[in-house]
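Enquirer: The structure that follows is given in the form of structure tokens.
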Amino acid sequence: MKARVAVHRDFRISTIDERLYSAFIEHMGRAIYSGIYEPGHPQADANGFRKDVLKFVQDLKVPAIRYPGGNFVSAYNWEDGIGPKDQRPVRLDLAWRSKETNQVGIDDFAIWAEQAGIDMMLAVNLGSRGLEDARNFLEYVNFPGGTTWSDKRRANGRQDPYDVKMWCLGNEMDGPWQIGHKVATEYGRLANETAKAFKGFDPTIETVVCGSSNDGMPTYPEWEREVLEECYENVDYISLHKYFGNKSNDTLNYFGKIEETGRYIQTIGGVIDYVKAKKRAKNDVHICFDEWNVWYHVREDDNRRIKEWDWPEAPALLEENYNFEDALFVAGLLNEFIRRSDRVRIACIAQLVNVIAPIRAEKGGPAWRQTIYYPYQFASLYGRGDALNIAVDAGTYDCRVADDVSYLDVAGVHDKEGGMLTLFIVNRHLTEAADLDVELNGFASPSLSEHLAMEGYDLNQTNGPTAPDRVVPGKGSGVGVEDGRLKGKLKPLSYHVLRLSVA
Ligand code: AHR
């Protein structure tokens with residue numbers, strides 16, 4: 001397959017907000033308990049946090065983390081998680097039919113996030129609760145001292161405020177499954193009042209209002225319009241969520257869902273523009289794609305198990321084992337976020353540890369990295385700078401969810417300060433190698449400084465606790481710069497990170 005690509009340093013889409021590579025972690029399953037936190041584990045530190053898991057997280061350079069939920073947040077009392085651990089209540093987590101011991105709460109999580117070098121992005125409960133508890137939480141987290149809640153924080157050992165700048169106004173409020181589910185106008189008004197109060201407290205706070213839970217919801221995209229009409233001027237982002245899978249075992253259609261996601265982003269972009277115009281508003285609202293990942297391997301089993309179980313504590317839940325095909329999918333989806341980075345400023349892989357996650361931690365055992373860890377890591381490490389608008393001519397295919405899907409999926413990021421151009425490429429063709437020919441315009445003496453590749457694996461191959469490094473990236477070969485053009489062969493079903501020095 002001939003694959004012609006044209007890159008020009010001046011064809012810029014946008015400067016990428018590094019929060020495009022953020023993550024999400026929820027109090028559910030074994031994400032927190034026996035995920036990041038397992039007192040008594042040989043790798044646990046003095047606070048009970050697992051150092052092996054932390055190291056894998058640090059290696060990802062995650063800029064921000066959304067916490068504590070998810071569906072969980074819609075019936076969560078944040079005060080249950082503060083103060084002496086032996087006095088914290090055990091509660092029923094209605095979202096996941098589990099018991100929540102509250103051994104990790106905001107002050108504990110903040111310690112972990114600080115160690116990991118990650119900014120917190122906190123969600124407030126607008127399901128079972130509302131503005132009153134949200135503002136108390138804000139005061140506890142962000143006020144220096146001398147008030148009821150800030151003094152409680154100080155008494156609990158944290159003197160300085162956390163100064164959290166990003167606040168999510170509830171979670172998936174359009175979903176009938178959500179505790180405290182609301183209709184759009186009802187939620188939009190509550191979100192507006194909450195956002196207004198938060199910005200009144202500190203105008204530099206950024207707020208994220210809930211969009212649809214996914215683009216298959218019956219109320220999509222009308223939900224977004226109605227919600228934004230209530231709160232446009234007081235919000236900075238609207239959230240999008242989408243989970244993916246290949247249940248029909250149709251690889252090309254699976255990859256086509258990336259194209260479909262582009263349409264989802266474009267549609268919400270249109271709704272944002274419409275409401276902005278209708279309101280004669282000055283401010284911009286961007287997209288916060290704060291839940292995305294592959295979730296289908298264990299989904300049906302979990303749905304069945306959850307109905308049958310008797311409120312367990314930190315049960316194994318949503319523990320997907322990702323294969324090589326999923327890694328190719330995640331690489332492509334991250335490419336789409338880069339290509340749409342003018343609209344999508346923040347995106348969160350959902351989730352980070354154990355629950356639909358790139359990192360797994362066995363209870364009492366080792367931590368290991370899934371196949372999808374690597375494309376996420378490479379995008380986070382090397383995908384910072386200007387996203388470039390790249391022309392690709394490599395042949396296309398039609399599938400159930402999209403037409404004209406390119407066999408070659410390419411995103412490019414120019415890090416001007418570092419003098420690097422990084423191309424992220426997936427050859428989605430099932431059988432043919434791509435005969436790559438990249439025109440590099442406007443770059444001074446480009447040379448290939450690194451080529452990382454994931455290739456040659458069976459699509460179903462996975463990693464696991466006893467074979468943690470079965471599917472890993474290696475050094476790529478067969479690509480080089482000739483007469484200012486990048487040329488070479490990319491195997492069918494392969495992923496490449498091509499790093500060019502362009503100083
Ligand atoms: O990430 C798992 C769940 O998926 C979250 O709790 C919810 O927001 C979404 O439906």
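Enquirer: Which of the residues spanning segment 16-68 are more than 16 Å from the ligand (Cβ to nearest atom), under 15 Å from ARG360 (Cα atoms), over 20 Å from the mean Cα position of the chain (by Cα) and touching a residue at least 12 places away in the same chain (Cβ under 8 Å)?
Expert: If the condition is that a residue be more than 16 Å from the ligand (Cβ to nearest atom), under 15 Å from ARG360 (Cα atoms), over 20 Å from the mean Cα position of the chain (by Cα) and touching a residue at least 12 places away in the same chain (Cβ under 8 Å), then SER34, TYR37, GLU38, HIS41, GLN43, PHE49, ARG50, ASP52 are the ones that fit.
Enquirer: Further, regarding this structure: Within segment 303-331, track down each residue that is surrounded by fewer than 24 Cβ atoms within 10 Å (Cβ to Cβ) and away from the ligand (no atom under 16 Å from the Cβ).
Expert: ARG304, LYS307, GLU308, TRP309, ASP310, TRP311, PRO312, GLU313, ASN321, ASN323, GLU325, listed by residue number.
Enquirer: Also: Would you check which residues across segment 94-108 are within 15 Å of GLY35 (Cβ to Cβ), within 16 Å of the ligand (Cβ to nearest atom) and of a type outside the set (Gly, Ala, Ser) and list them?
Expert: Scanning segment 94-108 gives TRP96, GLU100.
Enquirer: In the list ILE356, ILE349, ILE338, which residue meets the criterion of being under 21 Å from VAL5 (Cα atoms), in the same structural domain as ASN253 (by TED's automatic domain parsing) and touching a strand residue (DSSP E or B) at 6+ places or on another chain (Cβ under 7 Å)?
Expert: Working: ILE356 fails: under 21 Å from VAL5 (Cα atoms); ILE349 fails: under 21 Å from VAL5 (Cα atoms).
Going through ILE356, ILE349, ILE338 in turn, the sole match is ILE338.
Enquirer: Six or more apart or on different chains, Cβ under 7 Å: which pairs go from a residue in segment 184-203 that's farther than 10 Å from ASN234 by Cβ to one that's surrounded by fewer than 22 Cβ atoms within 10 Å (Cβ to Cβ) and β-branched (Val, Ile, Thr)? Could you list them?
Expert: ALA184/THR219
Enquirer: List pairs: first residue in segment 209-228 and farther than 22 Å from GLY130 by Cα, second residue surrounded by fewer than 19 Cβ atoms within 10 Å (Cβ to Cβ) and at pLDDT 95 or above anywhere in the structure, Cβ distance under 6 angstrom, at least six positions apart or on different chains.
Expert: PRO221/THR267
Enquirer: What residue, among those in segment 126-152 that are closer than 30 Å to TYR21 by Cα and hydrophobic (A, V, I, L, M, F, W, C), is farthest from the chain's Cα centre (by Cα)?
Expert: The residue in question is PHE143.
Enquirer: Has segment 69-81 got any residue that is farther than 18 Å from GLN178 by Cα and either within 16 Å of the ligand (Cβ to nearest atom) or buried (at least 19 other Cβ atoms within 10 Å of the Cβ) (or both)?
Expert: First, the residues of segment 69-81 that are farther than 18 Å from GLN178 by Cα: 79-81.
Subset that is either within 16 Å of the ligand (Cβ to nearest atom) or buried (at least 19 other Cβ atoms within 10 Å of the Cβ) (or both): 81.
Yes, segment 69-81 has at least one match.
Enquirer: Does GLU114 count as of a type in the set (Asp, Glu), in the same structural domain as PHE49 (by TED's automatic domain parsing) and either within 22 Å of GLU26 (Cβ to Cβ) or touching a residue at least 40 places away in the same chain (Cβ under 8 Å) (or both)?
Expert: So GLU114 fits the description; yes.
Enquirer: Return the residue satisfying two criteria in turn: it lies in segment 458-498 and is within 27 Å of the chain's Cα centre (by Cα), of a type in the set (A, V, I, L, M) and crowded, with 19+ Cβ neighbours inside 10 Å, and of such residues it is farthest from TYR322 (Cα to Cα).
Expert: In this case the residue turns out to be LEU498.
Enquirer: Something else about it: Got a sec? Which of ALA123, ALA155 is under 24 Å from the mean Cα position of the chain (by Cα) and of a type in the set (Gly, Ala, Ser)?
Expert: Being under 24 Å from the mean Cα position of the chain (by Cα) and of a type in the set (Gly, Ala, Ser) holds for just one of ALA123, ALA155, which is ALA123.
Enquirer: Ok, one more. Taking segment 392-411 as the search range and keeping residues that are of a type in the set (Ser, Thr, Tyr) and free of Cβ contacts under 8 Å to residues at least 24 places away in the same chain, which one is nearest to THR261 (Cα to Cα)?
Expert: Checking each candidate, the answer is SER406.
Enquirer: When you look at ASP393, is it buried (at least 24 other Cβ atoms within 10 Å of the Cβ) and not assigned by TED's automatic domain parsing to the domain that holds GLY48, yes or no? Lay out the reasoning, then the answer.
Expert: Details: buried (at least 24 other Cβ atoms within 10 Å of the Cβ): no; not assigned by TED's automatic domain parsing to the domain that holds GLY48: yes.
It is false that ASP393 is buried (at least 24 other Cβ atoms within 10 Å of the Cβ) and not assigned by TED's automatic domain parsing to the domain that holds GLY48.
Enquirer: Consider SER128 against the criteria (1) within 16 Å of the ligand (Cβ to nearest atom); (2) of a type in the set (S, T, N, Q); (3) in contact with an Asp or Glu (Cβ under 8 Å, 6 or more places away or on another chain): it satisfies all of them except one. Which criterion is unmet?
Expert: (3)
Enquirer: When you go through (1) assigned to a loop (DSSP other than H, G, I, E, B); (2) exposed (fewer than 15 other Cβ atoms within 10 Å of the Cβ); (3) of a type outside the set (D, E, K, R) one by one for PHE443, which number turns out not to apply?
Expert: PHE443 satisfies all of (1) assigned to a loop (DSSP other than H, G, I, E, B); (2) exposed (fewer than 15 other Cβ atoms within 10 Å of the Cβ); (3) of a type outside the set (D, E, K, R) except (2).
The values are calculated or read from the model by the stated rules, or taken from the named source; none is laboratory data. The shown structure was predicted, so the numbers you read here are calculated from the model rather than taken from an experiment. All Cβ positions, glycine included, derive from the backbone under ideal geometry; neighbour counts span all protein chains shown.
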